[in-house]
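Each value in this text was obtained by applying a stated rule to the coordinates, not by laboratory testing. Source: prediction; values computed, not measured. Positions of Cβ are backbone-derived with ideal geometry, glycine not excepted, and every protein chain shown enters the neighbour counts.
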Amino acid sequence: ILPFISGIEELRRARDILHEEFRAVGENPQPPPLGVMVEVPSAVLAIHDIAREADVLCLGTNDLVQYLLAVDRDNELVAAWYQTIH
């Protein structure tokens, strides 16, 4: 599972790197299934493209909610703006 993928180009580049490294091992090893952790808003907007090329999608709700609401839950100055019902 690749974390914080923000768009299709990042996924493609990561897949290319992974395949290059597996080829370097030799003997035609098969890379494992490639997953994406959907945890940034841009990944949500590109989800159709990402889903076509990823083997697995995981929803990273903690980070995704924080980025969508623009609230740092750990920052005392703005944490009160975070509401779980959002």
Gain in span if fully extended, Ile17 to Asn75, counting 0.36 nm per residue against the direct Cα distance: 17.3 nm
Magnitude of the charge dipole, the chain, Cβ model with Lys/Arg +1 and Asp/Glu -1, debye to 20: 180 debye
Relative contact order (%) - criterion: Cα under 8 Å, at least six apart; region: the chain: 28 percent
Net +/- balance of residues flanking Arg52 in space, Cβ distance below 14 Å, scoring K and R +1, D and E -1: -2
Listed residue (Val38, Gly26, Gly60) projecting farthest to the positive dipole end of the range 23-86, Cβ model: Gly26
About the Cα centre, charge dipole magnitude for the range 35-83 (Lys/Arg +1, Asp/Glu -1 at Cβ), debye: 140 debye
